[in-house]
1. Could you tell me which residue of region 94-106 is surrounded by the fewest Cβ atoms within 10 Å (Cβ to Cβ), considering only residues that are closer than 26 Å to Ala205 by Cβ and in contact (Cβ under 8 Å) with a residue 60 or more places away in the chain?
2. Scan the strands (runs of 3 or more DSSP E) fully inside region 294-364 and keep the ones with 2 or more residues being surrounded by fewer than 13 Cβ atoms within 10 Å (Cβ to Cβ).
3. Show the residue pairs meeting these rules: Cβ distance below 8 Å; 6+ apart or different chains; first residue within region 342-362 and in contact (Cβ under 8 Å) with a residue 60 or more places away in the chain and farther than 16 Å from Leu322 by Cα; second residue open to solvent by less than 70 Å² (accessible area, probe 1.4 Å) and assigned to a strand (DSSP E or B).
4. Condition check: modelled with pLDDT under 95 and in contact with a Pro (Cβ under 9 Å, 6 or more places away or on another chain). Does His67 satisfy that?
5. Out of region 139-157, which residues are in contact (Cβ under 8 Å) with a residue 12 or more places away in the chain and open to solvent by 30 Å² or more (accessible area, probe 1.4 Å)?
6. So which residues in region 96-126 are farther than 22 Å from Ile352 by Cβ and of a type in the set (Phe, Trp, Tyr), if there are any at all?
7. Please state which one of Ala227, Ala205, Ala278, Ala256 is of a type in the set (Gly, Ala, Ser), modelled with pLDDT under 80 and buried (at least 17 other Cβ atoms within 10 Å of the Cβ).
8. Here is a check on your reading of the model: is Leu270 buried (at least 20 other Cβ atoms within 10 Å of the Cβ) and in contact (Cβ under 8 Å) with a residue 40 or more places away in the chain?
Amino acid sequence: MEVESSKSGNWKHSLVYLAFITLIIHLILHKHKLSGNDTVRVKRNPNLPLRFRYDGTFKILQVADMHYGNGIMSRCRDVLDEEFPYCSDLNTTHFLNTLILSENPDFIAFTGDNIFGPSTADAAESLLEAFGPAMESGLPWAAILGNHDQESTMNRAELMSLISLMDYSVSQTNPSAEGPTSSLKGSMMTDIDGFGNYNLRVYGAPGSHLANSSIFNLLFLDSGDRAVVQGVRTYGWIKESQLRWVRGISQRFQEAVACSSVNSGVLETLVSIGDVKAVFMGHDHTNDFCGNLDGIWFCYGGGIGYHGYGKAGWPRRARVILAELGKGDKAWMGVERIKTWKRLDDEKLSKIDEQVLWDHRPSR
């Protein structure tokens, strides 16, 4: 028995030693990969410009409040035990993958709180995981920041810079300084608040007379994170410098998307532009309604992320926005209708609350 025990002990120690050697080899190989000896991979870019399809449609998947943490280690919040044997960030990833495959959007818009900083050990790694499904899809996508993204290892400028460099991302840190009277060709605006203010143009359908014209613009605005107003800690808001930029854009393209938790004149600015039809926002995870203020629709996206707060028994969800072109005698015309609906993370991927937000067709 003593001999057998000794052999058993040596066998176990050999396994430990082998595992230790394997770990060292793995670390050496990993260090080699990080040493810069490998070929630098160039960012994969989507097919641009953004444009309507041959059938006259352009579909956007809005993804609000993923609150991604550390993957499988980040447990879900506010879910029923009988719904999930084990629930983590991976449920968020699975839902996003399912949405992309089911809806086949033309564009994915991430509207803030993409990662949950307090639960994130490495902001860059969490961002790569959170946006993984979008990058794997090869679809063009863009993101803005919420109030929790920067609460980890990267500030807001660093986060937006990284996001803009990711595969198939069309995000920008801030808009170009180029303008009719500007001599700063190719430079970036520095007199605008926030990080993640930019304009994306969507062109007409192929073969139409508007194929080379921007007919549908998507404006992204950074609403900030936290602020102190008269000694009271509150959320950030859209600043006057951003509204000046929106007004300037509107004079050329006449479209904008914005929201604010402080009355800094956002609604008045959007109304004054004259043809802003709808604004889509995140932040309130259990709000998913649309309401009309002064002729503009404001729609919440609901929360998609399982690591962020929700409501037990209330499925996570995402919003889909569909813009449709008018049909001329021989070709597609300008934007005629904007519709929206939501998808639930349930067994049927239920489609709910389909509604028309704007319809330019003459009444019949």
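The values are calculated or read from the model by the stated rules, or taken from the named source; none is laboratory data. On a predicted model such as this, the values are computed, not experimentally measured, just so you know. All Cβ positions, even for glycine, are placed from backbone atoms using ideal geometry, and neighbour counts span all protein chains on display. All accessible areas refer to the heavy atoms of the entire protein, side chains included, with ligands and DNA or RNA removed. Shrake-Rupley method; radii C 1.70, N 1.55, O 1.52, S 1.80 Å.
1. If we filter region 94-106 for residues that are closer than 26 Å to Ala205 by Cβ, which is where we start, we get 99-106.
Next, only the ones that are in contact (Cβ under 8 Å) with a residue 60 or more places away in the chain stay: 99, 102-103, 105.
On the way: Leu99: 22, Ser102: 13, Glu103: 19, Pro105: 22.
The extreme case among them is Ser102.
2. Working: elements: 296-300, 317-327, 332-344, 351-359.
Output list reads 351-359.
3. Asp345/Arg317; Leu349/Arg343
4. no
5. Step one: filter region 139-157 for residues in contact (Cβ under 8 Å) with a residue 12 or more places away in the chain, giving 139-154, 156-157.
Hits for region 139-157 are Leu139, His148, Gln150, Glu151, Ser152, Thr153, Met154, Ala157.
6. Taking region 96-126 as the starting set, the residues that turn out to be farther than 22 Å from Ile352 by Cβ are 112-126.
Result: Phe116, single match.
7. Numbers: Ala227 fails: buried (at least 17 other Cβ atoms within 10 Å of the Cβ); Ala205 fails: modelled with pLDDT under 80; Ala278 fails: modelled with pLDDT under 80.
None of the other options fit; the residue is Ala256.
8. Values: buried (at least 20 other Cβ atoms within 10 Å of the Cβ): yes; in contact (Cβ under 8 Å) with a residue 40 or more places away in the chain: no.
So Leu270 fails the test.
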